[in-house]
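To start, the structure itself, in structure tokens.
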Amino acid sequence: LRVIAVTNHKGGSGKTTTCVNLAAGLGEKGRTTLVVDLDPQCSSTNWYSVPNGGRGVFGVFADEAELADLIEPTEVKGVSVIPASAWLATAEKTLAGEIGAETILRRKLERLESSLRRSSSRRPREPEAVTIGDYLQYGEKDPDKLWLAKLREAAPEERDRMQEERRQERTERARSTLYDYVLLDCPPTLGIVHINALAAAGEVLIPVEAHFMTLIGLGQLFQTVDLVRERLNPALRVTGVLPCRVDIRTRHCQEVLESLRAQYGELVYRTVIRENVKLAESPSARKPITLFEPRSAGARDYRALAEEIVAQESRG
Ligand SMILES: Nc1ncnc2c1ncn2[C@@H]1O[C@H](COP(=O)(O)OP(=O)(O)OP(=O)(O)O)[C@@H](O)[C@H]1O
Ligand SMILES: [Mg+2]
């Protein structure tokens, strides 16, 4: 389980875009990811079209809920989400004076991991295999397609029951999966929720807009990470700076990339995310770029990033 905080206190640097599309890219490679939306704007919750009627992840900060009970399945392979809610904006007030407020998320994540380790060893992670009888009758080997074939033939009242049953099944599966990755989509403010993310994570992934101003803000962010490491989370390290919205044709962008690499060296991912209008359009389609425009530059870039993230594991 790699817990990665996707963070940058500068707004609009590509945090949400990276969480949503990296998770989808990892899913294509057969990995499972839990995206935890920590932003009261609920951008990644909405992008994945996950229902966010309740208080969502705020419930764990208010100590009303466990993370496991908040996990929602998505239509994207290998990806589940813990939704945010506007309540998160009140976390600062709710947690004022609370002892250990900065490490609530860490404790809840540890609890989630140990409960999943216990339960997922007993439960199959994959959906039920297709039986020979079903295969002969419907000619489908893929469980999802088989289900659709059955749905098409079902009577209308039977359909509702089938859909509800499937929703429950998928939710149960999402809540019993031992995920490979947890991606924390951080808010653009350096408040208590953001500190919780840094205290809970093993790694920090920093998306930066390829612009001169980012170079200044980045130093501050590294200082914050150092401080959190010193005081709250000795294991925390920055595993990557990700240049986003890169327009390779402009001289300005080239220079920013060069100074990033000069200053942070190996910490800068080889993958850069190019400026791609399809990335900006995909939230309104409620799909990650890999499903919305599988051949776009954006999809290719996030696949390359997924590849690089996975490769970090063999480097240790
Ligand atoms: N590579 C890209 N090409 C084009 N547009 C992009 C790209 N990456 C991000 N954007 C757009 O830039 C804006 C900011 O991106 P995003 O929401 O991912 O940033 P953020 O860091 O999560 O913002 P916030 O701090 O508000 O949470 C969005 O409108 C998004 O669609
Ligand atoms: Mg965001």
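The values are calculated or read from the model by the stated rules, or taken from the named source; none is laboratory data. Model, not experiment: these values are computed from the prediction. Cβ sites come from the backbone with ideal geometry, for glycine too, and all protein chains shown count toward neighbours. When the accessible area is computed, the model is the full protein with side chains, heavy atoms only, and any ligands, DNA or RNA have been set aside. Shrake-Rupley method; radii C 1.70, N 1.55, O 1.52, S 1.80 Å.
Can we say Gly11 is within 16 Å of ligand 2 (Cβ to nearest atom), within 18 Å of Ile195 (Cα to Cα) and open to solvent by less than 50 Å² (accessible area, probe 1.4 Å)?
So Gly11 fits the description; yes.
Any idea which residue in the stretch 14-50 is nearest to ligand 2 (Cβ to nearest atom), counting only those that are closer than 15 Å to Leu178 by Cα and open to solvent by 40 Å² or more (accessible area, probe 1.4 Å)?
Checking each candidate, the answer is Arg31.
Restricting the first residue to the stretch 32-56 and requiring it to be in contact (Cβ under 8 Å) with a residue 24 or more places away in the chain, which pairs with a second residue that is near ligand 1 (Cβ under 10 Å from one of its atoms) and among the hydroxyl-bearing types (Ser, Thr, Tyr) meet a Cβ separation below 8 Å and a spacing of at least six or different chains?
Partner pairs satisfying both residue conditions: Val35/Ser44; Asp37/Ser43; Asp37/Ser44; Asp39/Thr16; Ser43/Thr16; Ser44/Thr16; Trp47/Thr16; Trp47/Ser282.
Kindly establish whether Val204 is of a type in the set (Val, Ile, Thr), closer than 18 Å to Cys19 by Cα and either touching a residue at least 60 places away in the same chain (Cβ under 8 Å) or surrounded by fewer than 17 Cβ atoms within 10 Å (Cβ to Cβ) (or both).
yes
Could you pull out the residue among Ser176, Ser119 that is assigned to a loop (DSSP other than H, G, I, E, B) and hydroxyl-bearing (Ser, Thr, Tyr)?
Ser176
Tell me, which residue of the stretch 220-257 that is open to solvent by 80 Å² or more (accessible area, probe 1.4 Å) and either more than 22 Å from His9 (Cβ to Cβ) or part of a loop (DSSP other than H, G, I, E, B) (or both) is modelled with the highest pLDDT?
Going through the qualifying residues, I end up with Pro234.
Has the stretch 175-184 got any residue that is within 16 Å of ligand 2 (Cβ to nearest atom) and closer than 26 Å to Thr239 by Cβ?
yes
From the list Thr171, Thr214, which one is polar (S, T, N, Q), on the phi < 0 side of the Ramachandran plot and surrounded by 15 or more Cβ atoms within 10 Å (Cβ to Cβ)?
The unique qualifying residue is Thr214.
Just checking, which of Glu113, Glu102 is surrounded by fewer than 18 Cβ atoms within 10 Å (Cβ to Cβ), out of contact with any Ser or Thr (no Cβ under 8 Å at 6 or more places or on another chain) and more than 29 Å from Asp301 (Cβ to Cβ)?
Result: Glu113 is the single residue among Glu113, Glu102 that is surrounded by fewer than 18 Cβ atoms within 10 Å (Cβ to Cβ), out of contact with any Ser or Thr (no Cβ under 8 Å at 6 or more places or on another chain) and more than 29 Å from Asp301 (Cβ to Cβ).
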